[in-house]
1. Starting from the Cα gyration tensor of region A:473-519, multiply each eigenvalue by 5, take the square root, and state the resulting semi-axes largest first in whole Å.
2. Could you calculate, for the protein assembly as shown, the ratio of the Cα radius of gyration to the Kirkwood radius, expressed as Rg to Rh?
3. Compute the angle between helix B:639-651 and the longest alpha-carbon principal axis of chain B, please, reported from 0 to 90 degrees and rounded to the nearest 10.
4. Nearest 5 is fine: what % of DSSP beta bridges in chain B come out antiparallel, could you say?
5. Here is the link list: B:Lys331/B:Lys450; A:Lys315/B:Lys82; B:Lys359/B:Lys575. Which ones come out longer than 25 Å on Cα distance?
6. If amide hydrogens are placed 1.01 Å from N in the peptide plane, which non-local residues have theirs closer than 5 Å to the one on A:Val566?
7. Report, in degrees rounded to the nearest 10, the 0 to 90 angle that the Cα long axis of helix B:111-121 makes with the longest principal axis of chain B.
8. Could you give, in nm with one decimal, how far A:Gly270 is from each other copy of that position, shortest first, with labels 7 Å out from Cα toward Cβ?
There are 2 protein chains.
Amino acid sequence: MRPPLWIAAWALLLHGCAAGRAPSPRNDIRNCTADPPYLPPTATNTTARLAALRGLLRTRGAHAYIVPPRTRNGTAVVTEDKAALWTDSRYWTQAERELDCNWELQRTTSIESIGMWILEAVPAGGNVTLDPFLFSIDTWNSYSRALHGSGRTLLPLETNLVDQAWGDQRPPPSSSEIYSLPAEFTGSSWQEKVAGIRQQMEQHLRRPTAVLLSGLEETAWLFNLRGDDIPYNPVFYSYALLTNTTISLFLDESRLSLAARRSLLLGCPGPLCVELQQYGQVSAHLRRYAQGNVTVWLGTEYTTYGLYSIIPQEKLLEENYSPVMTTKAVKNAHEQEMLRAAHVRDAVAVIQYLLWLEKTVLQGQVDEFSGAQHIDALRWAQEHSHGPSFQSISASGLNAALAHYSPSNGSSRSLSVGEMYLFDTGGQYLDGTTDITRTVHWSEPTPLQKEAYTRVLMGNIDLSRLVFPSHTAGRTVESFARRALWDVGLNYGHGTGHGIGNFLSVHEWPVGFQSNNVPLEAGMFTSIEPGYYRDGEFGIRIEDVALVVEAQTEHESEETFLTFEVVSLVPYDRKLIDLSLLSPEQIRYLNSYYERIRELVGPELRRQRLEEEYAWLQASTEPFPLSSAHTLAPGALALAPLLSVLLSGLGA
Amino acid sequence: MRPPLWIAAWALLLHGCAAGRAPSPRNDIRNCTADPPYLPPTATNTTARLAALRGLLRTRGAHAYIVPPRTRNGTAVVTEDKAALWTDSRYWTQAERELDCNWELQRTTSIESIGMWILEAVPAGGNVTLDPFLFSIDTWNSYSRALHGSGRTLLPLETNLVDQAWGDQRPPPSSSEIYSLPAEFTGSSWQEKVAGIRQQMEQHLRRPTAVLLSGLEETAWLFNLRGDDIPYNPVFYSYALLTNTTISLFLDESRLSLAARRSLLLGCPGPLCVELQQYGQVSAHLRRYAQGNVTVWLGTEYTTYGLYSIIPQEKLLEENYSPVMTTKAVKNAHEQEMLRAAHVRDAVAVIQYLLWLEKTVLQGQVDEFSGAQHIDALRWAQEHSHGPSFQSISASGLNAALAHYSPSNGSSRSLSVGEMYLFDTGGQYLDGTTDITRTVHWSEPTPLQKEAYTRVLMGNIDLSRLVFPSHTAGRTVESFARRALWDVGLNYGHGTGHGIGNFLSVHEWPVGFQSNNVPLEAGMFTSIEPGYYRDGEFGIRIEDVALVVEAQTEHESEETFLTFEVVSLVPYDRKLIDLSLLSPEQIRYLNSYYERIRELVGPELRRQRLEEEYAWLQASTEPFPLSSAHTLAPGALALAPLLSVLLSGLGA
């Protein structure tokens, strides 16, 4: 699951003015209707910062300012007298703990709802503003539609007011090295990738002359470069304009390693020569380029409205995602092998952690924070590790109901045998990025915990073993991960999965199960992560990463059928599984998954001389029994009547 | 399933110039690569008509003309030297039988594909034209996007070229009566409906001053009026503009019955007075109205681009569907009762037909056409009947692989005990519209037929018994109807269901399982109709109509959960069900459905003194046995080992 990078939406407003955070053992949330209002110690006083922002708004004649979500979760709007935050159910409790009473919490993320709120909060004739370089084209258009004909005007404000309100407390830009990936860790050379994209340009009916890359993963992937500008994400600030004859890369050139620089300039002069330009030059360069007889191909899902509006309409080729994004989404054979291998080593770290927890939690020495530190350390010890792929989520008991809760030192709950524990963690390795969630219990779960866990697992299994036609949209099959919960009136309020990269983002677009994801194709990787959250009590999530592969079906068909190969290789908690709820097919699937874990992770554990972990793995992957009802094929000999005849014979 | 009204797309071009159709026992399709090309007798020579259309194109400086689908299936495009038809898999074989070699068949319906074809077929600088009064706003926008920036211009042509090419062979407009529904057959009075819509206008943040109704079902439903301008659909050509103070209804006033006229004028003068205006006046009236300080609410999915473009952008409130469409979609208690009752009588007719087939097919006297005539007659005999709700689909053997095949007199295949038979039929009753498909076999199905039928049934059951949260979008759950087929590499190429009206359209928007349908709510009716088609061999479809109802779930939840109550009440063919494929839950569901059929249809059969049909129903709804494997609860006594102990004891 995605780490809370999105905190941009309110962290940009809250950061730097947080009150000292006392340990908060309670699920302590604000109560703004109390007299006086009650604020938990985790809340942030935003009065001064909001006043500064409103001052800036007034000087610009603006009546509302929209602050973007960084990762599609959580948008804030500040008007002259109101402030509101929109976020999905994963963050509701967290928001109630961190917001002060200046803020309304809106329990939805739909732009339609934001638009309606703005219509109520901003009088007709008002100006609604945002930074066009922080909003995608699609998002801009959605706001534009929401305000259309209402008398409110949507205006781009090219200075970022939050940055201004932040002032000199703003952190300096990164100055660390931007480096080339060694060839063994790339799917193909950057020259081959560029040639492939140019081929797609030639084959496109609209004959685009250029592709504009504004996603940080796009330039990192295309040029086989990495950096560390964003925590946990090995990317660097950059843009690129790839034309049919030239390549312009916009970045802080001084940060390039010698090898990286050499690699980029190897083909100079010529069509495979990368012209290095300063990051800030991209707008001017694009403006000049767009004066020619050109067609620029870009992805409207993430290209900023600011860049987009530089290019005249008739020179645009707009698709949801650029060809770099869609090509990157389908991993080639080597990329697949690398991601599989990274997951084997990652499983070793997670298994070490599970065994360590079994041994230490009982002694009462582990809390959420030290647990997270421990698993991070275990990952760092694995080969090719570059540390965690997001801030580790380590949540005990009721804290796990906050789906994105991350502990901090000093306010962290002790792990205990009496509570369920959820950890959602991942690693960056040179060969691949991982993301896995397990939920465990070290003594006796309640019946509801066991039922809910089993149904979450059933959802994970049902989606993982689904056979479906090639090019099926993820959103049309994600309900298979929910049905076992729905059956008894349970559900979860977040998405079911997201793509993942090769030493890139742990949340890689455009693959996944949401409405704006692309159809599933063989070679894509996605997480599968149903959950169940009971506010104030416990939280469950079971997350695996799976590769989309071709399925062998009983009947031949003109259509290609696909299914998933789960590449996360860590067994589930047997104590939490109610076998009687599982169908024979689900049990068979589970047993064959466990067999594969043994085959793939067992040898790696032995190679690393982790004999105790090896024994733990063997015990944890024992095949589950198919009950008598399950082993009898339907229609097989009916034993009950026969038995009664035999028994009556014996009695006679 | 929808009747082939959509033939508009090519029928408008083909109709009137069809060659004499000889009986065609073979699955006889065109072969345009043969030398000379082979055309089946069912093909139509379109050379002259295309030449006429191209002449009209040239005089208007147009390079392509897009001919619309009437019901979202099948679009044709004619250019100076090409003609192509886009349609979904249901119609591929039919198209290959009816098109001549002037036509390319494109096996998709995506506008993107049509757009790409146009880009290849029409040179840059060319004009692509269509009649804006035949295309919805959304469709217009899709074409506009597809051609955007390509140098081709999308132009509205307000005269319909196909009508012109048709000339005086065009049928005259209807002159039959437009009448009021008796109060017992309406959900509420038209005045109550108008008040409800006006309330929604007041409560909408944008405060629309008017709603524009351009769907024929909208005016029919709102004013409780019916007509017969469209075969099988009791609607009449009309528009309405409902403002907060006035009501304008545009239609051929002279056709109104006295009672209908009286009902509409009852509230005159006043806000519930209907001003009657001539049909052709709508554009002029709308243009005048739009000059004021107004906001017009309309549905972009179906309002024509022609009307839409009359209203200035800033005076539009655009949503996918008007409030009349969305209100009509949720049936109130009385409407639900009426639809249930219509389905009970409809089941009687279908059961009579099934029994009649069992008795007469063996004698070799029934063919597809006479079968269709017979079931139509049986429906007509039921109370409140207004005949079939679409042209009956009656297809034997390989003809059933053409999902929308309708037989014609003289070219109709005999029904035989050696083949499967599919009939997809429905009735119009004053209280409700019905639509049901059953597939039967009167002797020994092949193993594949039996497996495919069972898997189609499993899909029907799995979707029908699904429990899901309120406001779930149909498209996110329709895969449950496909999974049993996908599992073994089978699938079907059409949608899974559509809404249905109270004595209105058999295919009523906006309910259903497609991407442009609205989320499911309690009170909606939809068909559930998975199928499987084996080209040249056989076709299977099992279609029921179901009401969305609240579900009782084991755990309480803040969310409302929904499920379906199937209101079609006709048993499936037992001979075609392979019980060993069904899960215990599926068998239990089937048995409780059959119990409900007995409860609801049994008494009606007796009331109609259909004793033989009653006996047939009892036999056909016998509960299915849960095999021994199914009756044993998982975890119950393991009999096999016990048995072996007993047996070895006996042997000793």
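Where a number appears in this text, it was derived from the coordinates with a stated rule and is not lab data. Computed from a predicted structure; not experimentally measured. Virtual Cβ from ideal backbone geometry, glycine too; neighbours counted across all protein chains shown.
1. Values: eigenvalues 115, 27, 10 Å².
With the √(5λ) rule applied to region A:473-519, the semi-axes are 24, 12, 7 Å.
2. Details: Rg = 33.0 Å, Rh = 34.1 Å.
Result for the protein assembly as shown is an Rg/Rh of 0.97.
3. Approximately 20 degrees, to the nearest 10.
4. Details: 56 of 76 bridges.
Bridges in chain B that DSSP calls antiparallel: roughly 75 percent.
5. On the way: B:Lys331/B:Lys450 37 Å; A:Lys315/B:Lys82 28 Å; B:Lys359/B:Lys575 16 Å.
Beyond 25 Å between Cα atoms: B:Lys331/B:Lys450; A:Lys315/B:Lys82.
6. A:Leu547
7. Helix B:111-121 sits roughly 60 degrees off the main axis of chain B.
8. Copy-to-copy label distances for A:Gly270: 8.7 nm.
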